[in-house]
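See structure below.
The values are calculated or read from the model by the stated rules, or taken from the named source; none is laboratory data. Model, not experiment: these values are computed from the prediction. Counting neighbours? That spans all protein chains shown, and the Cβs are built from the backbone with ideal geometry, glycine included. The accessibility values were calculated without ligands, DNA or RNA, using every heavy atom of the protein model including side chains. Shrake-Rupley method; radii C 1.70, N 1.55, O 1.52, S 1.80 Å.
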Amino acid sequence: MNMSEEDVQQRLRDLFSDDRLGVPSTLNPETIVAGAKRRRRRRQMMQTTTGMAAAVVMVGSGLTVFSIHDRDNGAAFPPEQLSLGQSATSQVQPGPATEPPPPASSSAPQSSLAAQPPPSTISDGPVKPPKSTAATKPPAQGKVTTGSLLTAAGFGKLRLGMSESEAEATTGPLRAKEVRGGCTYGYAEGSAVPGPTSVSLTEGDGITVINPAGTVHTPEGIGVGSTEADILAAYPGSTKDGGAYVAPASAVSAYRIFVSNDGSAVSILLTSINQDCQFS
């Protein structure tokens, strides 16, 4: 049952004016009623304030979520275009188009670098072939001095052009002497030669080939181990004949320098120019 303010005042007057209380009342009923009204208004104001604060918080949270959602979708609306009490289904009129804020300065250089394409390595003109380089020859080994000396004239006291009798008088009788066609082949040794050597000779030209059995070298420093570059440098007029270089030694003689597959010298003999005997 709801009582009006007049009923409450009347009840309070009757209560405090009752003689049965036996105690004179010093309280004014109007004062009590006024205090009750103040308390009631205070409670109502507190309830109203609390409700409004809650509403403001809810509306603010909704606006924040709405703004974030729209920014993620690429269409942000300024908060001033949204008003309380406006229906969620109402269409918001967009304001003037504004440019999005520039990115933070710290990330701008990285973004610009990432956006740049890598430099192209394809040239506009025709591709030029690489420059050809001349084939390099093996480095020169230098002069070889190992072994006995084989000169352009002969080997020790044995000389090109000696007859058979002159050769035997110098070195002793030729061993293993053999005649094939117009050539005589034998083997000379002794103190007159630095080492054993085979010879080829004819009756008309005498000794035409001296082929030492051991290691020899020439006065120009060509010997076993010399490279093709060494041979060509020492004898510029050399020509290749099969597996050997024919290097001119004098006007009437030449060195025949045999080389291996890698081009290094393995043996040397002395021969007369334009002779027909085999290299024994």
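Structure summary
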{"quantity": "Hits in segment 148-170 - residues which are basic (Lys, Arg) and crowded, with 20+ Cβ neighbours inside 10 Å", "calculated": "none"}
{"quantity": "Residue that is open to solvent by 10 Å² or more (accessible area, probe 1.4 Å) and either over 24 Å from residue 187 (Cβ atoms) or in contact with a strand residue (DSSP E or B) (Cβ under 7 Å, 6 or more places away or on another chain) (or both), where the choices are 266, 209", "calculated": "266"}
{"quantity": "Strands (runs of 3 or more DSSP E) wholly inside segment 149-214 that include at least 1 residues being touching a Gly at 6+ places or on another chain (Cβ under 7 Å)", "calculated": "175-180, 197-202, 206-212"}
{"quantity": "Residue 253 vs. criteria touching a strand residue (DSSP E or B) at 6+ places or on another chain (Cβ under 7 Å), within 17 Å of residue 151 (Cβ to Cβ) and among the small types (Gly, Ala, Ser)", "calculated": "yes"}
{"quantity": "Residue 179 being open to solvent by 50 Å² or more (accessible area, probe 1.4 Å) and at negative phi", "calculated": "yes"}
